[in-house]
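The next block holds one structure in the form of structure tokens; read it before the comments.
Readers should treat all values here as calculations from the given coordinates under stated rules, not as data from a laboratory. Keep in mind the model is a prediction, meaning the values are calculated, not measured. Here the Cβ is made from the backbone with ideal geometry for all residues, glycine too, and neighbour counts use every protein chain on show.
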Amino acid sequence: MGQVVLKGINKFYESVHAVKDVNLQIRDKEFVVFVGPSGCGKTTTLRMIAGLEAISSGDISIDGNVINTLAPMDRDIAMVFQNYALYPHMSVYDNMAFGLKMRKFERPEIEKRVREAADILGIGELLKRKPRQLSGGQRQRVALGRAIVRHPRVFLFDEPLSNLDAKLRVQMRVELKKLHLRLGTTAIYVTHDQVEAMTLGDRVVVMKDGVVQQVGEPLELYNQPANKFVAGFIGSPAMNFAAVTVTEAGGSLIAENSGLRIKLPDEIAQRLRGHIGREVILGVRPEDLTVAGSADLDHPCFDAVIEVVEQLGSEILLDMKVGESIMVASVEPTARVRVADKLRVAMRPSRLHVFDAQTEAAI
Amino acid sequence: MAISAVSATTLREAPPPRRQRLLEDERWLAFVLLVPTIVLLGMFIAYPFIRGILLSVTNSRVGMPGDFVGLANFYKIFNDGIFRTSVYNTFVYTGVTTVFKLALGLWLAMLLNRNFHGKAFTRAFILLPFIIPTVLSTFAWKWMFDPTFSVLNWLLYHFGLITGRINWLGDPDLAMISIIIVNIWRGVPFFAISLLAGLQTISPELNEAAAIDGAKPWQRFWHITWPLLLPVTMVVVLFSVIQTFADFQIVYVMTGGGPANATHLFATYAYQIAIGTGLLSEGAAIALAMFPVLFLVVIIQLLYIRRVEVR
């Protein structure tokens, strides 16, 4: 079992309010990812769960028992650190066995567990080496092994992949996912990389300035972001935003600014009835923009000038000037486009997002 | 284009003067750069050392060049009771102070490695005994140990711990304890600050990982901090042992080797014989007798440090 409940968690550092009233229920066997920009409180939250940081107020419980004041060693958790935190003077075997030795496990049991973990991670050959003699990826595996051998109730990961190069990071990401499926241990994972969050998490917690912005499954965050921050943070390239004024003309609603004038689809128009004459923020993802063809006649369209063409092979990213602002569109690799081309761009109406200009909450 | 331009300028320039061309040669350049160091080391270390060896095999005295006498001086000092006492004293002095300096220094370093208000100030303050000229601070200590004006006696008396005066520097054993205390007081800051620097190179994550792994505080110290601090500790101990073994100032100021030559160390006894009595050659022999011991200490510790670092 490994059910973690955070109830009204706060963290103050002298005058800084680093974590603000976090409430979260993490189910047994679930993989939950905390994601957000640096300084958003995600690591602090993780460290409070680990017991490395005191909780200013609120309760953290594992399987129903409040663990606020328990020492880290008594919480039955294992943690993987960003810099691996391998003991440099111990061999790989001793690194993995250390936790078991401290807990007075019998020698044969220690050996069995270390071998088992080493086999799972494919580091059986490295057991006699010192951390210094390992590559970044191998060190990461040893750090994972040290967590696995303990058979804890909860795994805590603090940006474990951020020190690896891009290719290895993708590879280790897949392995982590497999490992979680195989072990089924509850995992809490902190990262600033939204791709990691989307690919690994059963659920993702987006944080900013110590406040949880939204909790949900990856696609839920992607398709129904709760506010402008989540919308902009999740997805790459990021969502395009345009400040527009809502006006009424001939029974339908129009959103316009200096370079944009589009008729809002009915579904969105209904939600914006109360905002006529006011400013709102329109959001649209790059992949929901297309070069307008004959099929898109009834879609909202606008004119744009191409400033940069980024060929990615599988798609083309167009940086376009729309009035005063820049928008990015991701279009088919077959599109024939050149810098300085004038284009008519269509939006997929069902994929438009609207946010309040003041609160930035989704409307 | 660029290349042709460069060669054109080179062609136009006159060939560099001879001196400059010599310095282009790395062997000459290396030699030139090494000269200041060689001169300094030669003048202030190698020459006095060789001169000392030459002195020790003569019977020269102040104002008398003397003749070659072989190892007679060494033979003489090995049969000298005071010399034997000094050898014993030097080992006790070095051994006891090093153990205390290491223990107290490590303890202080661990305390200072924590976060607290006024950390920077305290760290600077701790260094004071190390910064004050030794002779000055030792004079202060001498007053504190003075039989008549001793502030220590006054304190002990007023707390009711003693009834009469303790003659700190007048009793052979107490005098030895006194100079050991002063040496520890003076040496602890060096240990504390050096070990603190060593502690700060140990990532706090290692201790956190160990805490999660189930290690209690003293286990974390024993399994993580101590082994990782060992190379620094060895270097610090090495420096301290060399300095303490050849210590002069504290004993010279506090007791002058007394009472009745009971607290002489190698250096103070060598000074007394050579300068005080004028027996230059015998003094040189005493000073040189330190050399094999120090040499051995250095060799052992350097080998050990290398082994630890390779690990």
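Scanning the range B:221-253 for residues that are surrounded by 20 or more Cβ atoms within 10 Å (Cβ to Cβ), within 10 Å of another protein chain (Cβ to nearest Cβ) and not aliphatic (A, V, I, L, M) gives a single hit, B:His223.
Just one of (1) over 27 Å from A:Val142 (Cβ atoms); (2) aliphatic (A, V, I, L, M); (3) free of Cβ contacts under 8 Å to residues at least 60 places away in the same chain fails for A:Val22. It is (3). Beta carbons closer than 8 Å, at least 6 apart along the sequence or on distinct chains, pair a first residue in the range A:220-232 that is more than 16 Å from A:Leu352 (Cβ to Cβ) with a second that is assigned to a loop (DSSP other than H, G, I, E, B) and not aliphatic (A, V, I, L, M) for A:Phe229/A:Glu360.
If the condition is being surrounded by fewer than 10 Cβ atoms within 10 Å (Cβ to Cβ) and either touching a Cys at 6+ places or on another chain (Cβ under 9 Å) or assigned to a helix (DSSP H, G or I) (or both), then the range B:49-82 contributes only B:Gly81.
The residue list A:Ile110, A:Ile55 contains one member that is in contact (Cβ under 8 Å) with a residue 12 or more places away in the chain and part of a helix (DSSP H, G or I), which is A:Ile110.
Against the test of being free of Cβ contacts under 8 Å to residues at least 24 places away in the same chain and away from chain A (no Cβ under 14 Å), the options B:Leu174, B:Leu196 yield a single qualifying residue, B:Leu174. Name every residue in the range A:69-105 that is in contact with a helix residue (DSSP H, G or I) (Cβ under 9 Å, 6 or more places away or on another chain) and more than 12 Å from chain B (Cβ to nearest Cβ), in order of residue number. Across the range A:69-105, the qualifying residues are A:Val92, A:Tyr93.
I'd like to know if the range A:61-68 contains one or more residues that are under 23 Å from the mean Cα position of the chain (by Cα) and either among the hydroxyl-bearing types (Ser, Thr, Tyr) or over 12 Å from A:Asp158 (Cα atoms) (or both). The answer is no, given that none of the residues of the range A:61-68 is under 23 Å from the mean Cα position of the chain (by Cα) and either among the hydroxyl-bearing types (Ser, Thr, Tyr) or over 12 Å from A:Asp158 (Cα atoms) (or both). Looking at this structure, is A:Leu24 more than 22 Å from B:Glu208 (Cα to Cα) and in contact with a Leu (Cβ under 7 Å, 6 or more places away or on another chain)? In short, yes. The single condition among (1) out of contact with any Asp or Glu (no Cβ under 9 Å at 6 or more places or on another chain); (2) surrounded by fewer than 19 Cβ atoms within 10 Å (Cβ to Cβ) that B:Ala210 does not satisfy is (2).
Does the range A:259-270 contain at least one residue that is on the phi < 0 side of the Ramachandran plot and among the acidic types (Asp, Glu)? Yes, the conditions are met somewhere in the range A:259-270.
Considering each residue of the range B:288-303 in turn, none proves to be within 14 Å of another protein chain (Cβ to nearest Cβ) and either under 20 Å from B:Phe139 (Cβ atoms) or loosely packed, with under 15 Cβ neighbours inside 10 Å (or both).
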